[in-house]
Amino acid sequence: MPVAIIGLNHKTSPVTVREKLSFSMDDIEKEAPELLSKPYIDEVLILSTCNRTEVYFYSEFPQKARVVLEQYFSQRASVEQEKLASYLYFYQEFDAVEHLFRVASGLESMVLGEPQISGQVKDAFEKAIEVGTAKRVFVNLYRHTLQTVKVVRNETEISKNAVSIPFAAVELARKVFGKLDNKRALLVGAGEMCELAALHLKENGVSSIDVVNRTFEKAKNLAEKYNGKPYTFEKLYSVICNVDIVLSSTGSKEPVIVFKKMKDVVKRRAGGSLLIIDIAVPRDVEEDVGDLYNIYLFDIDDLEKVVEANKKKREKEAVVAGEIIRERVSDYLKWCRLQDLNPVIASLRAKAEEIRRAELEKSLKRLKEYPDEVKKELDRLSYSIVNKMLHQPITEFKKVAREERLESKMLHFFKSLFNID
Amino acid sequence: MLEQVYFFSLFLNFLSLIVFFAFALKKSRELFYTGTFLIGTGGFLLLVFLMLNGINFGMHPSTNKFFTYNFLALLVYILYFVFEFWFKIRLLSVFILPIGFFFNVVAAFQSKLTPEVMRNISPIFLGIHTGFLLLGEAMFLVSFGASLMYLIQYRNLKSKRFNGWYGRLPALEDLEYIVGVGVLGGFPMLTAGLLTGFYWAANLWNKTFWYFDPKIIWSFVVWLLYSYLFYLKISDRLRGKRFIILVIVGFFLVLSSFFITVFFPSIHSLSRGFGVR
């Protein structure tokens, strides 16, 4: 299966080179057919994101096509071909398909397992199909890629678990409350990280987010955004009595939420858990508050710890995902080899049938006098001889193809053996 | 032949436990399915064993420790399947099934593996009394299993340990909900079982002080604690770790109610001519 890929990514090249070789969707629409018209290239797929530009191609002569593409890249980026070559990687057959599956599953991404890349791969395939540079081979490859991404997602936890601070806050909330529907949150102060976390909480079902701020105007603006109520700082503790999650990030040098006052809050609260996430440095919440009954307090270091632990988990999952992908690649290649064989087998059968018919007709002309039963028997006899003769070589050939031992030499020999093209 | 069915089921249940422990260490779908298959088969054989005995005997066979413990084990296994199906929390297997198996295996060490033949016993009362009591207690055992999970996850969160089981254990409030289901479901059954027992005893032994019996007094203590827990749950008075701790205390009371007859003579001990006064 002569699929190959040439490209560069954030690991092999600086952004100064990557930007010159980046393709917008419009570029792809224009340049992909242009690439297809070049010699040795039979199908083309261009994948271009901010971290990578990769051209997947189908060619009977991948090494020759590689040179053509390197020249094209060098012209497009106006960088010397030798210099550019040091940034480029090139894979073919198994490695190329494996690379595609790994990219699509997020294993090659800067943030391991990030899910956006599979969408971008999907878009790239759709575009290639739309402009006609993806044909039989790549359309099938597309199907296999989607399936692989799905299997990797279902069988590993590569894309689960938070790997950024705001998402870590959401994860902790989920670990305390389970579902976040109908939970209420409170935003104290307004840091960028805190606001992002609030946004994620909202997306995950939190019903309203109240805001407490030193300046009431600011509180009002933010509260409107999150569908909550604004409060002044004096109301802080009475508001905490009514919420489930507190996100705090003020610029205050002194703690804003203190143990003594929180002790009363615990008594006044209805008894459910209270999650306090303190993203401020210096910290907004006194450490002892975390020892109070039913209060779970996390500071920025704890969130960092969650992220670290999750990253390690993802690395472990990536190993499992890599194994799944290798299995899927050999399945795909096996499937392809059988597909390659189908037209050969079909023409062999057609040829045999043609010979049989010609010979049968000759004989039937000579046997005009004989009854119909004899003629029918002759037909059956010839059919059955031809079939039995062909059965063994075809089965054997398919077996060889399945076991990955089929070389193009053998295919040529097989064709010449039976005189088919 | 029946005994062989029993020991084979015991063996399967033991095997499932090992598989589920392996599943606890190394998360794998195959291990979970294998364990589920084993406990499913083992539990089914146990059910067959108890039913055949019941049919031979003509009534609920829970007349001695062997059958009582096995019946309790079966109820715990069944409840595990119900809870797992309901909440889809696979780790429940690791915390609930060993409790059932504990009774399963303690039963196997009893000397008599056939039901007691007794005069004067009413099959209807026996069935209702033991059935309700054991189902209620099985519910409490399940809530104990979930309580242990709660405590582990609680410790993870309070001491900020984000490795190990932090990721696999469910949310605190979800676990608390499961514990609550056990308590809310178990208490009415316990009450029904006890009331049937009282009514039955009062009719049977109306002129004696049957209620000055260690097992009955202990059961009343258990009932008091769970009635308090039941009240706390429906009135939403107490949430969080303190509630969980009380549930764990309740578990130990239930456990000792089973073994109390070993140390104190009781009308529930067979040596004292249970039901034959």
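The values are calculated or read from the model by the stated rules, or taken from the named source; none is laboratory data. Just so we're clear, the structure is a prediction, and the values are computed from it rather than from any experiment. Because the Cβ atoms are built from the backbone with ideal geometry, glycine has one as well, and the counts that use them run over all protein chains shown.
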When B:Ile124 is run through (1) surrounded by fewer than 20 Cβ atoms within 10 Å (Cβ to Cβ); (2) over 16 Å from the mean Cα position of the chain (by Cα); (3) modelled with pLDDT of 95 or more, the failure sits at (3)
Members of segment A:282-297 found to be assigned to a loop (DSSP other than H, G, I, E, B) and facing chain B (nearest Cβ under 10 Å), listed by number:
A:Tyr293, A:Asn294
Whether any residue in segment B:180-189 is in contact with a helix residue (DSSP H, G or I) (Cβ under 6 Å, 6 or more places away or on another chain) and without any contact (Cβ under 8 Å) to a residue 40 or more places away in the chain is what I want to check.
no
Selection over segment A:363-375 where residues are surrounded by 10 or more Cβ atoms within 10 Å (Cβ to Cβ) and part of a helix (DSSP H, G or I) yields a count of 4
Cβ-Cβ under 6 Å, sequence separation 6+ or interchain: first residue in segment A:117-140 and of a type in the set (Phe, Trp, Tyr), partner part of a helix (DSSP H, G or I). Which pairs?
A:Phe125/A:Tyr142
Restrict the check to segment B:220-233 and report whether at least one residue is crowded, with 16+ Cβ neighbours inside 10 Å, without any contact (Cβ under 8 Å) to a residue 40 or more places away in the chain and within 14 Å of chain A (Cβ to nearest Cβ).
yes
Filter result for A:Val97 (aliphatic (A, V, I, L, M), at pLDDT below 90, more than 21 Å from A:Pro33 (Cα to Cα) and surrounded by 15 or more Cβ atoms within 10 Å (Cβ to Cβ)):
no
For segment A:177-227, what are the residues that are aromatic (Phe, Trp, Tyr) and in the same structural domain as A:Pro282 (by TED's automatic domain parsing)?
A:Phe216, A:Tyr226
Can you name the residue in segment A:231-267 that is assigned to a loop (DSSP other than H, G, I, E, B) and free of Cβ contacts under 8 Å to residues at least 40 places away in the same chain and, of all such residues, is nearest to A:Asn213 (Cα to Cα)?
A:Thr232
Selected residue (criterion: farthest from the other protein chains (Cβ to nearest Cβ)) from residues of segment A:170-193 that are part of a helix (DSSP H, G or I) and free of Cβ contacts under 8 Å to residues at least 60 places away in the same chain
A:Glu192
Of (1) assigned to a helix (DSSP H, G or I); (2) of a type outside the set (Phe, Trp, Tyr); (3) crowded, with 20+ Cβ neighbours inside 10 Å, B:Val82 satisfies all except one. Which?
(3)
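Select, from A:Val266, A:Val258, the only residue that is in contact with a Leu (Cβ under 7 Å, 6 or more places away or on another chain), surrounded by fewer than 20 Cβ atoms within 10 Å (Cβ to Cβ) and among the aliphatic types (A, V, I, L, M).
So the residue among A:Val266, A:Val258 that is in contact with a Leu (Cβ under 7 Å, 6 or more places away or on another chain), surrounded by fewer than 20 Cβ atoms within 10 Å (Cβ to Cβ) and among the aliphatic types (A, V, I, L, M) is A:Val266.
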Kindly indicate whether any position in segment A:47-63 is β-branched (Val, Ile, Thr), surrounded by 20 or more Cβ atoms within 10 Å (Cβ to Cβ) and in contact with a Lys or Arg (Cβ under 9 Å, 6 or more places away or on another chain).
yes
Single condition B:Ile217 does not satisfy, out of (1) within 30 Å of A:Leu274 (Cα to Cα); (2) assigned to a helix (DSSP H, G or I):
(1)
Within segment B:170-191, restricting to residues that are more than 8 Å from chain A (Cβ to nearest Cβ) and touching a Lys or Arg at 6+ places or on another chain (Cβ under 8 Å), the one that is farthest from A:Tyr293 (Cα to Cα) is B:Leu184
Residues located in segment A:191-223, provided they are under 11 Å from A:Leu247 (Cβ atoms) and among the charged types (D, E, K, R)
A:Glu195, A:Asp210
Any residue at all in segment A:140-148 that is over 30 Å from A:Ala32 (Cα atoms) and surrounded by 23 or more Cβ atoms within 10 Å (Cβ to Cβ)?
no
Could you list, in sequence order, all residues of segment A:298-320 that are in a strand (DSSP E or B) and either within 9 Å of another protein chain (Cβ to nearest Cβ) or farther than 23 Å from A:Asp264 by Cα (or both)?
A:Phe298
Take the conditions out of contact with any Ser or Thr (no Cβ under 9 Å at 6 or more places or on another chain), outside the structural domain of B:Leu91 (by TED's automatic domain parsing) and aliphatic (A, V, I, L, M) and apply them to B:Ile178. Does it pass?
no
Can you go through A:Ala318, A:Ala309, A:Ala270 and tell me which one is in contact with a helix residue (DSSP H, G or I) (Cβ under 8 Å, 6 or more places away or on another chain) and either in the same structural domain as A:Thr145 (by TED's automatic domain parsing) or of a type in the set (Gly, Ala, Ser) (or both)?
A:Ala309
When you scan segment B:153-169, how many residues do you find that are within 7 Å of chain A (Cβ to nearest Cβ), buried (at least 21 other Cβ atoms within 10 Å of the Cβ) and assigned to a loop (DSSP other than H, G, I, E, B)?
1
Out of curiosity, is A:Lys160 crowded, with 23+ Cβ neighbours inside 10 Å, within 12 Å of chain B (Cβ to nearest Cβ) and among the basic types (Lys, Arg)?
no
